[in-house]
Amino acid sequence: MKRKLQAAAVLLVFGVLKLPLEQRVTHDLRAMHLVDEPLHLNAKENMGQMGLAAAFGGLRGVIAILFELRAHVEFTRVNWAEVDKYYKFVTQLQPRNARYWEEASWHMAYNAASYYLYDKELKGALRGQLYAAYVKRGIDILNEGLKYLPDNPRLWQKMGDLHWNRSKDFKASGDAYWNSFQHGGLNFTERFAGYAYAQATDPASWHKGYAILKRLYDEKKATPGLIEFLKMLEQNLHIPAAQRIPDAPPVRQTPDPKAGPLR
């Protein structure tokens with residue numbers, strides 16, 4: 001009995017001494033992206049995540065790829081509820097992979113929304129309702145992804161694109177493009193933030209847009225689109241004539257306002 005207690009004590013001491021080493025090794029492996037990070041979710045999400053983690057363990061990345069392939073099969077069948085379901089699994093398994101959030105949102109806000117918008121077998125009102133519902137689903141997916149990746153410039157850019165092209169919420173679009181630029185996004189996101197703010201309906205957004213576009217203009221970075229929206233903001237904000245830029249408004253090559261801003 002005494003020997004058993006001594007053996008147990010040795011094992012306990014060895015375990016305590018080994019723990020810091022294992023923690024350091026695990027930290028290094030996570031830094032090299034060889035081991036997945038632990039997930040910090042709310043209670044409801046954590047229950048689902050715990051089940052997936054228990055089932056798949058360190059194979060989460062591989063299983064996520066398989067679920068993505070299954071989502072693609074359902075995409076070819078235009079089975080949008082199943083596409084959404086499988087991408088939920090994918091993003092739960094790999095929540096820090098921005099590409100999965102981006103693709104899940106794109107399928108809902110663009111592919112599914114457009115499918116129902118142009119489905120002639122549905123009544124017009126229902127088409128509009130389904131379109132709006134799937135656009136909102138795409139926005140919700142990006143918002144979920146940004147909880148895990150709040151500093152990811154591409155997810156913010158995609159949010160700006162989605163609000164610009166789909167929801168037509170230009171204030172939200174401007175905020176998203178600006179967040180993208182602030183987190184290291186491509187240079188055009190700063191300019192597009194100004195364009196989006198220029199098309200919003202509130203004066204606070206107009207002031208933001210004017211500050212961005214006037215600064216770019218003064219830095220000799222003017223484009224036809226920048227001049228077009230800057231002239232619009234000068235009128236909306238009643239900028240004194242002496243302070244307005246001397247450029248004439250650019251002439252559009254197409255009269256279709258849906259074509260977007262001049263670049």
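The residues listed here are GLY145, GLY124; of these, the one that is at pLDDT below 95 and of a type in the set (Gly, Ala, Ser) is GLY124. For the stretch 176-198, a residue qualifies if it is crowded, with 19+ Cβ neighbours inside 10 Å and either free of Cβ contacts under 8 Å to residues at least 12 places away in the same chain or closer than 20 Å to PRO249 by Cβ (or both), and the qualifying residues are ARG191, PHE192, GLY194, TYR195, ALA196, TYR197, ALA198. For the stretch 228-263, residues that are modelled with pLDDT under 95, in contact with an Asp or Glu (Cβ under 8 Å, 6 or more places away or on another chain) and either closer than 14 Å to ALA196 by Cα or aliphatic (A, V, I, L, M) (or both) total 2.
Sort out for me the helices (runs of 4 or more DSSP H) sitting completely within the stretch 177-249 that have 3 or more residues that are over 18 Å from MET159 (Cβ atoms). Full working, then the answer.
Numbers: elements: 188-199, 203-218, 224-236.
Helices (runs of 4 or more DSSP H) meeting the threshold: 203-218, 224-236.
Within the stretch 196-255, being within 28 Å of the chain's Cα centre (by Cα) and more than 21 Å from TYR177 (Cα to Cα) holds for no residue. Contact map, the stretch 107-133: first residue among the aliphatic types (A, V, I, L, M), second residue in a loop (DSSP other than H, G, I, E, B), Cβ cut-off under 7 Å, separation 6 or more or different chains; the map is empty. Checking each residue in the stretch 144-170 for being assigned to a helix (DSSP H, G or I), under 9 Å from the mean Cα position of the chain (by Cα), of a type outside the set (A, V, I, L, M, F, W, C) and surrounded by 21 or more Cβ atoms within 10 Å (Cβ to Cβ) picks out GLY145, GLN157, LYS158, GLY160. Quick check: anything in the stretch 226-235 assigned by TED's automatic domain parsing to the domain that holds ARG96, of a type in the set (Asp, Glu) and in contact with a helix residue (DSSP H, G or I) (Cβ under 9 Å, 6 or more places away or on another chain)? No, the stretch 226-235 has no match at all. Among residues of the stretch 64-76 that are farther than 14 Å from LYS88 by Cβ, those with a beta-carbon under 6 Å from a residue that is of a type outside the set (D, E, K, R) and in a helix (DSSP H, G or I) at least six positions away or on a different chain give the pairs PHE75/VAL83. Does LYS136 satisfy being modelled with pLDDT of 95 or more and either surrounded by 14 or more Cβ atoms within 10 Å (Cβ to Cβ) or among the basic types (Lys, Arg) (or both)? When the stated conditions are applied, LYS136 passes them.
The values are calculated or read from the model by the stated rules, or taken from the named source; none is laboratory data. Fair warning: this is a prediction, and the values are worked out from it, not measured in the lab. Positions of Cβ are backbone-derived with ideal geometry, glycine not excepted, and every protein chain shown enters the neighbour counts.
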